[in-house]
Amino acid sequence: MFFSLGTFFISLMSQINEFGKFIVFQAELFPLFFRRVRWKIVIKEIYIIGVGTVGVILLTSFFTGMVSAIQLYSGFHQFGIESFMGYTIFLSITKELGPVFGSLMVISRAVSSMAAEIGTMRVTEQIDAIETLAVDSKELLIIPKIIASIISLPLLVIVFDFVGNFSAFLIANYVLGINPITYQNVILQHLILTDIYSGIIKAFVFGYLISSIGTYVGYITTGGAKGVGIATTKAVVYAAVCVFMFNYLI
């Protein structure tokens, strides 16, 4: 029993120590955002993170919208309130599903790549070589990725919202037989601005968080090829948990 408690306590202290190092790392990054930004690298990263994830976002959002329409109809039809399906789906996608699912797709597609790339550079001493040339490795490798994520994720979430709601509209209209005019009018009657921009704000926050986690985990990688694999797994898990946690808090 005491051994188990001791192991748990040591593990807890280790996690707290790791979190403290992450906060210190973010504090070190903060001034770098106000220095010269390497926009050529940022644009390249936007292409990798944003354009590279569009296909996955389109597929995920299309099927998410269809499933949402079918599942909600089965419940709303029992109470004769099918006309409210449109607004309910719009609200759930723009405020919750869009930012969360969009972030998860970026995590699986881009954040894992960030951790693996930077982790490989760390274990092969490429980062040390950059530092010996009097170049700030954080400014060169990390800041462009974070800025690109902050720019890309909100745009991807907007795409997710549009495609998801469009596919839900198609299912509601052509499969479930709901009047398209009524479907649209209910959305317009109840829609408020916060329904739209709250999800976009989440996307900005998530973009910063997941890229910060991915780059940090990669930057502190040790242990050769095996360490890179462990770091990539950690980055994906930590970033995903962080998204769900902050989705509740925001």
Between helix 193-219 and the chain, what is the angle of the helix's C-alpha long axis to the longest principal axis, kept within 0 to 90° and rounded to the nearest 10?
30
Sort 151-159, 129-137 by the packing proxy (mean of other Cβ within 10 Å over each peptide's residues), most packed first.
151-159, 129-137
Extension length gain for residue 34 and residue 63 (0.36 nm per residue less Cα distance), in nm, is 6.4 nm
Given H placed on each backbone N at 1.01 Å, which residues far from residue 220 in sequence or on other chains put an amide H within less than 5 Å of it?
none
Dipole of segment 39-249, positive end: most advanced residue of 47, 126, 103 [Cβ charges, Cα centre]:
126
What is the ratio of the Cα radius of gyration of segment 1-64 to 2.2 N^0.38 Å, where N is its residue count, to two decimals?
1.93
Beta carbons within 10 angstrom, averaged per residue: use that to sort the peptides 9-16, 139-146, 223-230, 41-48, highest first.
139-146, 41-48, 223-230, 9-16
Ordered by residue, what ³J(HN,Hα) values in Hz, to whole numbers, does segment 79-96 give under the Karplus form 6.51 cos²θ - 1.76 cosθ + 1.60, where θ = phi - 60° and Gly and Pro are x?
10, x, 10, 4, 5, 8, 4, x, 5, 4, 5, 4, 5, 5, 6, 6, 8, 10
Can you give the calculated 222 nm mean residue ellipticity of the chain, where each DSSP H run of n ≥ 4 adds -39,500 (n - 2.57) and the sum is split over every residue, rounded to the nearest 500 deg cm²/dmol?
-25500 deg cm²/dmol
Reported label for calculated log10 I(q)/I(0) by the Debye sum over Cα atoms at q = 0.10, 0.17 Å⁻¹ given (i) -0.51, -1.31; (ii) -0.77, -1.35; (iii) -0.58, -1.17:
(iii)
Could you tell me the number of lysine pairs in the chain with C-alpha atoms less than 17 Å from each other, where the two lysines are 8 or more residues apart or belong to different chains?
8
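Only the coordinates and a few stated rules stand behind these numbers; no lab work does. Source: prediction; values computed, not measured. FYI the Cβ positions are ideal-geometry reconstructions off the backbone, even for glycines, and counts take in every protein chain you see.
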